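The values are calculated or read from the model by the stated rules, or taken from the named source; none is laboratory data. Just so you know, these numbers come straight off a predicted model, no measurement behind them. Glycine also receives a Cβ, built like all others from the backbone with ideal geometry; neighbour counts cover every protein chain displayed. Surface accessibility is based on the protein's heavy atoms, side chains included, excluding ligands, DNA and RNA. Shrake-Rupley method; radii C 1.70, N 1.55, O 1.52, S 1.80 Å.
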Amino acid sequence: MDSKYWTIVKTGEAEIRALENIPKEVLSKTLPLIEITRGRKITKGKTEMYPFEKRLSKLKEIYRGQTVAIDVTSEESLSSPEVDYLYMPESGYKNWIDFLLQLKDENIFTEIIPTILFNFDDIDFERNIVQQIHSLKSNFKTILYRSSIADENCYEDIEFIGKEIDDNNLKIIIDCGYVPQASYKNVSNKCIARISNIKKMVASKYEYIIASTSFPNNVSDLGDSDSDTFSISEINMYNEILSTHNDVIYADYASINPIRNDTIRMARGWIPRIDVPLKDVIYYYKKRRPKGVRAYASTYTQVARLARSDYRFPHNLSENWGIAQILSCAEGGAPSASPSFWISVRMNIHITQQVQRIYSI
(Lines give C-alpha, C1' and ligand atoms only; values in the text may rest on other atoms or scores of the structure.)
Protein backbone atom coordinates (compact mmCIF):
# COMPACT_ATOMS: atom_id res chain seq x y z
CA MET A 1 0.00 0.00 0.00
CA ASP A 2 1.33 3.44 -0.98
CA SER A 3 0.80 5.49 2.15
CA LYS A 4 -0.91 8.86 1.96
CA TYR A 5 0.78 9.84 5.23
CA TRP A 6 4.52 9.91 5.90
CA THR A 7 5.82 10.61 9.40
CA ILE A 8 9.38 11.69 10.19
CA VAL A 9 10.38 9.78 13.31
CA LYS A 10 13.65 10.26 15.16
CA THR A 11 15.06 7.49 17.34
CA GLY A 12 14.16 9.34 20.55
CA GLU A 13 12.56 7.97 23.70
CA ALA A 14 9.50 10.22 23.47
CA GLU A 15 8.81 9.09 19.90
CA ILE A 16 9.24 5.41 20.72
CA ARG A 17 6.87 5.61 23.70
CA ALA A 18 4.23 7.28 21.53
CA LEU A 19 4.57 4.74 18.72
CA GLU A 20 4.59 1.69 21.00
CA ASN A 21 1.09 2.67 22.09
CA ILE A 22 -0.49 3.09 18.67
CA PRO A 23 -2.49 0.09 17.41
CA LYS A 24 -1.06 -1.68 14.37
CA GLU A 25 -4.16 -0.96 12.30
CA VAL A 26 -3.51 2.78 12.74
CA LEU A 27 0.27 2.65 12.40
CA SER A 28 0.06 0.54 9.24
CA LYS A 29 -1.54 3.49 7.46
CA THR A 30 1.63 5.56 7.94
CA LEU A 31 4.99 5.33 6.21
CA PRO A 32 7.73 6.31 8.65
CA LEU A 33 10.95 8.00 7.67
CA ILE A 34 13.13 6.74 10.52
CA GLU A 35 15.86 9.30 11.12
CA ILE A 36 18.72 7.75 13.05
CA THR A 37 19.89 9.96 15.91
CA ARG A 38 22.25 9.34 18.81
CA GLY A 39 21.21 7.07 21.65
CA ARG A 40 21.54 7.48 25.40
CA LYS A 41 25.07 8.22 26.62
CA ILE A 42 27.08 5.29 27.95
CA THR A 43 30.41 5.85 29.67
CA LYS A 44 33.04 3.11 29.66
CA GLY A 45 36.16 4.27 31.45
CA LYS A 46 36.95 7.62 29.85
CA THR A 47 35.07 6.81 26.67
CA GLU A 48 31.60 8.24 25.98
CA MET A 49 29.39 6.35 23.55
CA TYR A 50 25.91 7.04 22.18
CA PRO A 51 24.79 3.74 20.60
CA PHE A 52 21.47 3.96 18.77
CA GLU A 53 20.93 0.23 18.20
CA LYS A 54 18.74 -0.32 21.27
CA ARG A 55 16.26 2.36 20.25
CA LEU A 56 16.36 1.26 16.64
CA SER A 57 15.55 -2.31 17.71
CA LYS A 58 12.37 -1.01 19.34
CA LEU A 59 11.36 0.73 16.12
CA LYS A 60 12.01 -2.52 14.25
CA GLU A 61 9.40 -4.24 16.41
CA ILE A 62 6.97 -1.34 16.15
CA TYR A 63 7.12 -1.26 12.33
CA ARG A 64 7.66 -4.97 11.72
CA GLY A 65 5.98 -6.01 8.45
CA GLN A 66 5.73 -2.43 7.14
CA THR A 67 7.53 -0.39 4.51
CA VAL A 68 9.91 2.13 6.09
CA ALA A 69 12.26 4.82 4.83
CA ILE A 70 15.62 5.20 6.56
CA ASP A 71 17.77 8.32 6.93
CA VAL A 72 20.56 9.61 9.17
CA THR A 73 20.22 12.89 11.06
CA SER A 74 22.04 15.95 9.76
CA GLU A 75 21.41 17.80 13.03
CA GLU A 76 24.75 18.24 14.77
CA SER A 77 23.12 18.33 18.21
CA LEU A 78 21.56 14.91 17.59
CA SER A 79 24.63 13.28 16.11
CA SER A 80 27.43 11.22 17.68
CA PRO A 81 30.51 9.26 16.53
CA GLU A 82 28.23 6.25 15.95
CA VAL A 83 25.97 8.32 13.71
CA ASP A 84 28.90 10.04 11.95
CA TYR A 85 30.28 6.59 11.14
CA LEU A 86 27.37 6.06 8.73
CA TYR A 87 28.21 9.32 6.95
CA MET A 88 31.78 8.26 6.11
CA PRO A 89 31.99 8.51 2.30
CA GLU A 90 34.87 6.10 1.69
CA SER A 91 34.28 3.29 -0.81
CA GLY A 92 30.90 4.67 -1.86
CA TYR A 93 29.54 5.14 1.67
CA LYS A 94 30.36 1.52 2.49
CA ASN A 95 29.36 1.86 6.17
CA TRP A 96 25.91 3.11 5.20
CA ILE A 97 25.43 0.45 2.55
CA ASP A 98 26.57 -2.33 4.91
CA PHE A 99 24.19 -1.05 7.59
CA LEU A 100 21.27 -1.05 5.15
CA LEU A 101 22.07 -4.51 3.79
CA GLN A 102 22.24 -5.92 7.29
CA LEU A 103 18.86 -4.35 8.01
CA LYS A 104 17.48 -5.84 4.79
CA ASP A 105 18.85 -9.31 5.63
CA GLU A 106 16.99 -9.23 8.95
CA ASN A 107 13.79 -9.34 6.89
CA ILE A 108 11.86 -7.30 9.44
CA PHE A 109 10.41 -4.72 7.05
CA THR A 110 8.36 -5.41 3.92
CA GLU A 111 10.46 -2.85 2.06
CA ILE A 112 13.24 -0.42 2.95
CA ILE A 113 13.49 2.94 1.15
CA PRO A 114 17.02 4.22 1.82
CA THR A 115 18.03 7.87 1.63
CA ILE A 116 21.01 9.00 -0.42
CA LEU A 117 23.59 10.44 1.99
CA PHE A 118 25.77 13.42 1.07
CA ASN A 119 29.04 14.15 2.82
CA PHE A 120 30.16 17.48 1.41
CA ASP A 121 33.56 17.25 3.09
CA ASP A 122 34.47 14.35 0.82
CA ILE A 123 37.44 15.14 -1.45
CA ASP A 124 36.22 12.45 -3.87
CA PHE A 125 32.60 13.56 -3.66
CA GLU A 126 31.16 12.61 -7.05
CA ARG A 127 32.77 9.19 -7.34
CA ASN A 128 31.59 8.10 -3.89
CA ILE A 129 28.05 9.42 -4.45
CA VAL A 130 27.80 7.59 -7.78
CA GLN A 131 29.07 4.39 -6.19
CA GLN A 132 26.55 4.79 -3.35
CA ILE A 133 23.66 5.30 -5.78
CA HIS A 134 24.67 2.23 -7.79
CA SER A 135 24.80 0.14 -4.61
CA LEU A 136 21.37 1.42 -3.54
CA LYS A 137 19.89 0.76 -6.99
CA SER A 138 21.27 -2.79 -6.98
CA ASN A 139 19.75 -3.68 -3.62
CA PHE A 140 16.61 -1.60 -3.14
CA LYS A 141 13.50 -1.04 -5.25
CA THR A 142 13.07 2.64 -4.36
CA ILE A 143 15.50 5.37 -3.28
CA LEU A 144 14.80 8.61 -1.40
CA TYR A 145 16.35 12.02 -1.96
CA ARG A 146 15.73 14.40 0.94
CA SER A 147 16.57 18.09 0.86
CA SER A 148 15.64 21.22 2.75
CA ILE A 149 13.41 23.81 1.11
CA ALA A 150 16.19 26.28 1.96
CA ASP A 151 18.73 24.32 -0.10
CA GLU A 152 19.01 25.86 -3.56
CA ASN A 153 21.68 23.31 -4.51
CA CYS A 154 18.99 20.65 -4.77
CA TYR A 155 18.70 21.27 -8.52
CA GLU A 156 22.32 20.30 -9.04
CA ASP A 157 21.80 17.24 -6.85
CA ILE A 158 18.72 16.11 -8.76
CA GLU A 159 20.36 16.69 -12.14
CA PHE A 160 23.31 14.64 -10.93
CA ILE A 161 21.11 11.88 -9.46
CA GLY A 162 18.93 11.83 -12.59
CA LYS A 163 21.90 10.75 -14.67
CA GLU A 164 22.24 7.68 -12.46
CA ILE A 165 18.55 6.96 -11.81
CA ASP A 166 16.66 7.22 -15.10
CA ASP A 167 13.53 5.41 -13.99
CA ASN A 168 10.62 6.31 -11.70
CA ASN A 169 12.00 4.71 -8.57
CA LEU A 170 13.15 7.92 -6.89
CA LYS A 171 11.08 9.67 -4.25
CA ILE A 172 11.85 13.30 -3.41
CA ILE A 173 11.07 14.61 0.05
CA ILE A 174 11.06 18.39 0.34
CA ASP A 175 11.74 19.02 4.00
CA CYS A 176 10.43 22.37 5.20
CA GLY A 177 11.26 21.68 8.86
CA TYR A 178 9.55 24.06 11.27
CA VAL A 179 7.20 26.45 9.48
CA PRO A 180 5.82 29.22 11.73
CA GLN A 181 2.06 29.77 11.53
CA ALA A 182 2.37 33.07 9.70
CA SER A 183 4.83 31.74 7.11
CA TYR A 184 3.06 28.74 5.64
CA LYS A 185 1.80 30.49 2.48
CA ASN A 186 5.26 31.77 1.67
CA VAL A 187 6.75 28.29 2.17
CA SER A 188 3.99 26.60 0.17
CA ASN A 189 4.74 28.95 -2.75
CA LYS A 190 8.41 27.97 -2.52
CA CYS A 191 7.45 24.29 -2.63
CA ILE A 192 5.19 24.84 -5.64
CA ALA A 193 8.04 26.57 -7.47
CA ARG A 194 10.54 23.88 -6.40
CA ILE A 195 8.40 21.04 -7.75
CA SER A 196 7.61 22.93 -10.99
CA ASN A 197 11.32 23.54 -11.59
CA ILE A 198 12.23 19.91 -10.97
CA LYS A 199 9.50 18.68 -13.32
CA LYS A 200 10.92 20.89 -16.07
CA MET A 201 14.37 19.40 -15.47
CA VAL A 202 13.58 15.69 -15.46
CA ALA A 203 11.51 13.44 -17.66
CA SER A 204 10.95 10.84 -14.96
CA LYS A 205 7.79 10.97 -12.89
CA TYR A 206 9.17 11.12 -9.37
CA GLU A 207 7.00 11.06 -6.27
CA TYR A 208 7.08 14.22 -4.15
CA ILE A 209 6.60 14.25 -0.38
CA ILE A 210 6.15 17.54 1.47
CA ALA A 211 7.26 17.42 5.11
CA SER A 212 6.90 20.12 7.76
CA THR A 213 5.61 20.92 11.21
CA SER A 214 4.07 24.02 12.73
CA PHE A 215 4.57 22.89 16.31
CA PRO A 216 6.99 25.36 17.92
CA ASN A 217 10.04 24.53 19.97
CA ASN A 218 8.48 26.66 22.69
CA VAL A 219 4.72 27.31 22.85
CA SER A 220 5.50 30.74 24.29
CA ASP A 221 6.45 31.64 20.71
CA LEU A 222 2.74 31.44 19.87
CA GLY A 223 0.91 32.22 23.07
CA ASP A 224 1.96 32.85 26.63
CA SER A 225 -1.40 32.52 28.32
CA ASP A 226 -2.56 29.56 30.40
CA SER A 227 -4.38 28.21 27.37
CA ASP A 228 -4.19 28.70 23.64
CA THR A 229 -5.10 27.11 20.32
CA PHE A 230 -3.12 27.10 17.12
CA SER A 231 -3.66 25.74 13.65
CA ILE A 232 -1.80 22.69 12.36
CA SER A 233 -0.71 24.81 9.44
CA GLU A 234 1.28 22.04 7.74
CA ILE A 235 -2.14 20.82 6.59
CA ASN A 236 -3.00 24.24 5.14
CA MET A 237 0.41 24.39 3.47
CA TYR A 238 0.00 20.95 1.95
CA ASN A 239 -3.47 21.82 0.61
CA GLU A 240 -2.07 24.96 -1.05
CA ILE A 241 0.58 22.88 -2.81
CA LEU A 242 -1.94 20.18 -3.71
CA SER A 243 -4.04 22.74 -5.57
CA THR A 244 -1.17 23.14 -8.07
CA HIS A 245 0.54 19.74 -7.90
CA ASN A 246 -1.97 16.95 -7.34
CA ASP A 247 0.74 14.29 -7.08
CA VAL A 248 2.24 15.32 -3.73
CA ILE A 249 2.15 13.25 -0.53
CA TYR A 250 1.58 14.69 2.95
CA ALA A 251 4.24 14.27 5.64
CA ASP A 252 4.80 15.78 9.06
CA TYR A 253 7.00 15.47 12.14
CA ALA A 254 4.11 14.00 14.16
CA SER A 255 3.81 17.26 16.14
CA ILE A 256 7.43 17.27 17.32
CA ASN A 257 9.65 20.23 16.46
CA PRO A 258 12.77 19.05 14.57
CA ILE A 259 15.08 21.28 16.64
CA ARG A 260 15.43 19.70 20.04
CA ASN A 261 15.81 21.40 23.41
CA ASP A 262 16.35 18.13 25.30
CA THR A 263 19.71 19.28 26.63
CA ILE A 264 18.44 22.53 28.11
CA ARG A 265 18.57 22.45 31.90
CA MET A 266 15.55 24.11 33.49
CA ALA A 267 16.96 25.52 36.72
CA ARG A 268 13.56 26.87 37.76
CA GLY A 269 11.74 23.74 36.64
CA TRP A 270 9.09 23.64 33.93
CA ILE A 271 5.49 24.69 33.62
CA PRO A 272 3.24 21.61 33.40
CA ARG A 273 1.43 21.64 30.05
CA ILE A 274 -0.83 19.20 28.23
CA ASP A 275 -1.45 19.48 24.49
CA VAL A 276 -4.55 18.04 22.83
CA PRO A 277 -4.29 17.57 19.05
CA LEU A 278 -7.49 17.62 17.06
CA LYS A 279 -7.68 17.07 13.31
CA ASP A 280 -6.57 20.55 12.26
CA VAL A 281 -5.73 22.41 15.48
CA ILE A 282 -3.93 21.77 18.76
CA TYR A 283 -5.03 23.34 22.01
CA TYR A 284 -3.16 23.33 25.28
CA TYR A 285 -3.51 24.18 28.93
CA LYS A 286 -0.65 24.92 31.28
CA LYS A 287 -0.28 25.96 34.88
CA ARG A 288 2.72 26.85 37.03
CA ARG A 289 3.31 24.93 40.25
CA PRO A 290 2.32 26.84 43.40
CA LYS A 291 5.23 28.26 45.35
CA GLY A 292 6.61 25.85 47.90
CA VAL A 293 5.29 22.78 46.05
CA ARG A 294 8.12 20.59 44.77
CA ALA A 295 6.13 17.78 43.13
CA TYR A 296 4.49 18.26 39.74
CA ALA A 297 1.82 15.55 39.92
CA SER A 298 -0.97 17.61 41.49
CA THR A 299 -0.44 20.44 39.01
CA TYR A 300 -0.57 18.04 36.06
CA THR A 301 -3.87 16.74 37.44
CA GLN A 302 -5.28 20.27 37.45
CA VAL A 303 -4.04 20.85 33.90
CA ALA A 304 -5.54 17.54 32.72
CA ARG A 305 -8.90 18.52 34.19
CA LEU A 306 -8.81 21.81 32.31
CA ALA A 307 -7.94 19.99 29.07
CA ARG A 308 -10.71 17.45 29.63
CA SER A 309 -13.33 20.08 30.45
CA ASP A 310 -12.72 21.91 27.15
CA TYR A 311 -15.76 21.38 24.93
CA ARG A 312 -13.46 20.26 22.09
CA PHE A 313 -11.91 17.38 24.03
CA PRO A 314 -12.08 14.25 21.78
CA HIS A 315 -14.02 11.91 24.08
CA ASN A 316 -14.70 9.80 20.97
CA LEU A 317 -11.02 8.74 21.13
CA SER A 318 -11.22 7.43 24.70
CA GLU A 319 -9.58 4.16 23.59
CA ASN A 320 -6.56 6.07 22.28
CA TRP A 321 -3.58 5.67 24.63
CA GLY A 322 -2.77 9.40 24.73
CA ILE A 323 -6.35 10.41 25.48
CA ALA A 324 -6.52 7.69 28.16
CA GLN A 325 -3.43 9.20 29.85
CA ILE A 326 -5.09 12.61 30.03
CA LEU A 327 -8.30 11.13 31.41
CA SER A 328 -6.37 9.09 33.98
CA CYS A 329 -4.41 12.16 35.03
CA ALA A 330 -7.61 14.18 35.38
CA GLU A 331 -8.87 11.54 37.81
CA GLY A 332 -5.73 11.95 39.92
CA GLY A 333 -3.77 9.10 38.39
CA ALA A 334 -0.92 11.38 37.25
CA PRO A 335 0.77 8.78 34.98
CA SER A 336 3.91 10.91 34.74
CA ALA A 337 5.25 14.34 35.64
CA SER A 338 7.92 14.26 32.91
CA PRO A 339 7.61 16.69 29.98
CA SER A 340 8.93 13.90 27.72
CA PHE A 341 5.97 11.70 28.66
CA TRP A 342 3.49 14.40 27.68
CA ILE A 343 5.29 14.90 24.37
CA SER A 344 4.60 11.20 23.75
CA VAL A 345 0.95 11.75 24.61
CA ARG A 346 0.68 14.60 22.10
CA MET A 347 2.43 12.65 19.34
CA ASN A 348 0.32 9.56 19.97
CA ILE A 349 -2.93 11.52 19.67
CA HIS A 350 -1.68 13.54 16.68
CA ILE A 351 -0.86 10.49 14.55
CA THR A 352 -4.24 8.93 15.33
CA GLN A 353 -6.06 12.16 14.43
CA GLN A 354 -4.16 12.56 11.17
CA VAL A 355 -4.77 8.96 10.10
CA GLN A 356 -8.48 9.51 10.73
CA ARG A 357 -8.44 12.81 8.83
CA ILE A 358 -6.43 11.58 5.82
CA TYR A 359 -8.25 8.26 5.45
CA SER A 360 -11.66 9.73 6.41
CA ILE A 361 -12.09 7.13 9.12
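So which of 120, 99, 125 is crowded, with 17+ Cβ neighbours inside 10 Å, more than 22 Å from residue 203 (Cβ to Cβ) and of a type outside the set (A, V, I, L, M)?
Going through 120, 99, 125 in turn, just one is crowded, with 17+ Cβ neighbours inside 10 Å, more than 22 Å from residue 203 (Cβ to Cβ) and of a type outside the set (A, V, I, L, M): 99.
Looking only at the stretch 307-316, count how many residues are closer than 21 Å to residue 332 by Cβ and surrounded by fewer than 17 Cβ atoms within 10 Å (Cβ to Cβ).
Here the count works out to 3.
Output the number of the condition that residue 190 fails; it satisfies all remaining conditions of (1) modelled with pLDDT under 95; (2) open to solvent by 50 Å² or more (accessible area, probe 1.4 Å).
Going through (1) modelled with pLDDT under 95; (2) open to solvent by 50 Å² or more (accessible area, probe 1.4 Å) one by one, residue 190 breaks only (1).
Among 148, 183, which is the only one that is within 19 Å of the chain's Cα centre (by Cα) and either open to solvent by less than 50 Å² (accessible area, probe 1.4 Å) or closer than 21 Å to residue 245 by Cα (or both)?
Exactly one of 148, 183 is within 19 Å of the chain's Cα centre (by Cα) and either open to solvent by less than 50 Å² (accessible area, probe 1.4 Å) or closer than 21 Å to residue 245 by Cα (or both), namely 148.
Just one of (1) part of a helix (DSSP H, G or I); (2) open to solvent by less than 50 Å² (accessible area, probe 1.4 Å); (3) at pLDDT 95 or above trips up residue 300, so point out which.
(3)
Does residue 91 satisfy the criteria of being modelled with pLDDT of 95 or more, open to solvent by 50 Å² or more (accessible area, probe 1.4 Å) and small (Gly, Ala, Ser)?
For residue 91, the condition - modelled with pLDDT of 95 or more, open to solvent by 50 Å² or more (accessible area, probe 1.4 Å) and small (Gly, Ala, Ser) - is met.
How many residues, within the stretch 157-182, are assigned to a helix (DSSP H, G or I) and in contact (Cβ under 8 Å) with a residue 60 or more places away in the chain?
Count: 0.
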